[in-house]
Amino acid sequence: MSIGATHIDHIVVASNNSAATAKLFSENLGIEIKRVMSRPGTGAHMEFAKLQEIVLEFAGPGQPKEGEEPKARLGGFVLAVGDIDAAVATLRKRGVDVGDAHPAVQPGAKIAGIRAGTHGVPLALIQYNAMPAGNDPAGS
Amino acid sequence: MKVRKIDHVGIVVKDLDAALATYSRHFGFAVDGSRGGELPALGIKNAFVPVADSDLEFIQPTSDQGPVAKFAQERGEGQFLLSIAVDDVNAAVEHLRGLGVRVGDPSNGVAFVSMKSSHGVNLQLIQR
């Protein structure tokens, strides 16, 4: 039985200087950075581009270390599901170590991280329209 | 240069069959049996798992040489590459070289951007 994954929602490019890496990808590949945000309470800096249905998320610290050469790596991906609570329950029945679904930075969305059983890939599930957008913790 | 979409995400695994079984059991993903297999020249075997309009490519090294084997030796399992679909790989390579980006010669519709030109991310350009 499927967990109801509809598509890859976003792919994370983790960088020690996410603004620089996003700029490099944007300039070289001609992709548009659609959104820039800082995550409240974490100091994280994120920039987002979208290629058809998949968001490319450049994530890094709010304040890159001065003089440090930008360095990035693929930092996992997120699968969109129709019912995240059901998906989490299904995965737990299968013995997968998955966290509770909690509010994501995206308005109205909930996200749950999968902690193991992914063959080394940081993986999470996301459901949009999982709750009223007014509950958006990022206030965005 | 026209980027179309994320074509696939490459994932290096130690045991291809075990990884496919895990992703099938946990997530309900099914292998596309029409693609993938043994690629002795590259020292790998691979399999593709469609997820909507993109794929997950699971890659197991079958030799101790080459970039996949090197990744496996240094980092174990994990996300190895990001493949981006372009309309015309030759034009894309020409465009990137014009920007000073180091990129390999296209072969069979595929070209690799030097990781020195991508902040260390393994980027593949592919023309379908």
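The values are calculated or read from the model by the stated rules, or taken from the named source; none is laboratory data. These figures come from a predicted structure and were not determined experimentally. Every residue, glycine among them, receives a Cβ derived from its backbone with ideal geometry; neighbour counts consider all protein chains shown. Accessible surface is based on the protein model in full, side chains and every heavy atom, while ligands, DNA and RNA are left aside. Shrake-Rupley method; radii C 1.70, N 1.55, O 1.52, S 1.80 Å.
Observations, loosely collected:
- Hits in segment B:80-104 (condition: among the small types (Gly, Ala, Ser), open to solvent by less than 20 Å² (accessible area, probe 1.4 Å) and more than 9 Å from every other protein chain (Cβ to nearest Cβ)): B:83
- Within segment B:67-79, the set of residues being within 12 Å of chain A (Cβ to nearest Cβ) and either polar (S, T, N, Q) or part of a strand (DSSP E or B) (or both) comprises B:78, B:79.
- In segment A:74-119, the residue that is farthest from residue B:77 (Cα to Cα) out of those that are of a type in the set (Val, Ile, Thr) and away from every other protein chain (no Cβ under 11 Å) is A:105.
- Between A:50, A:65, A:71, the distinction of being within 12 Å of chain B (Cβ to nearest Cβ), of a type in the set (D, E, K, R) and in contact (Cβ under 8 Å) with a residue 40 or more places away in the chain belongs to A:71 only.
- Scanning segment A:106-140 for residues that are open to solvent by less than 20 Å² (accessible area, probe 1.4 Å) and at pLDDT below 85 yields one hit, A:136.
- Test: residue B:42 is touching a residue at least 24 places away in the same chain (Cβ under 8 Å) and not in a loop (DSSP other than H, G, I, E, B): no
- Within segment B:66-79, the residues that satisfy the criterion of being at negative phi and exposed (fewer than 15 other Cβ atoms within 10 Å of the Cβ) are B:70, B:73, B:74, B:75.
- Residues of segment A:7-58 satisfying the condition of being among the polar types (S, T, N, Q), part of a strand (DSSP E or B) and surrounded by 15 or more Cβ atoms within 10 Å (Cβ to Cβ): A:15
- Residue A:28 satisfies every condition listed in (1) touching a Phe, Trp or Tyr at 6+ places or on another chain (Cβ under 8 Å); (2) under 24 Å from residue B:96 (Cα atoms); (3) of a type in the set (S, T, N, Q) except (1).
- Looking across B:117, B:107, B:63, one residue alone is hydroxyl-bearing (Ser, Thr, Tyr), open to solvent by less than 30 Å² (accessible area, probe 1.4 Å) and free of Cβ contacts under 8 Å to residues at least 40 places away in the same chain. It is B:117.
- Some residue of segment B:49-57 being at pLDDT 95 or above, open to solvent by less than 20 Å² (accessible area, probe 1.4 Å) and not in a strand (DSSP E or B): no
- Cβ-Cβ contacts under 6 Å between residues 6 or more apart (or on different chains), taken from a first residue in segment B:45-58 that is without any contact (Cβ under 8 Å) to a residue 24 or more places away in the chain to a second residue that is open to solvent by less than 20 Å² (accessible area, probe 1.4 Å), are listed as B:51/A:8.
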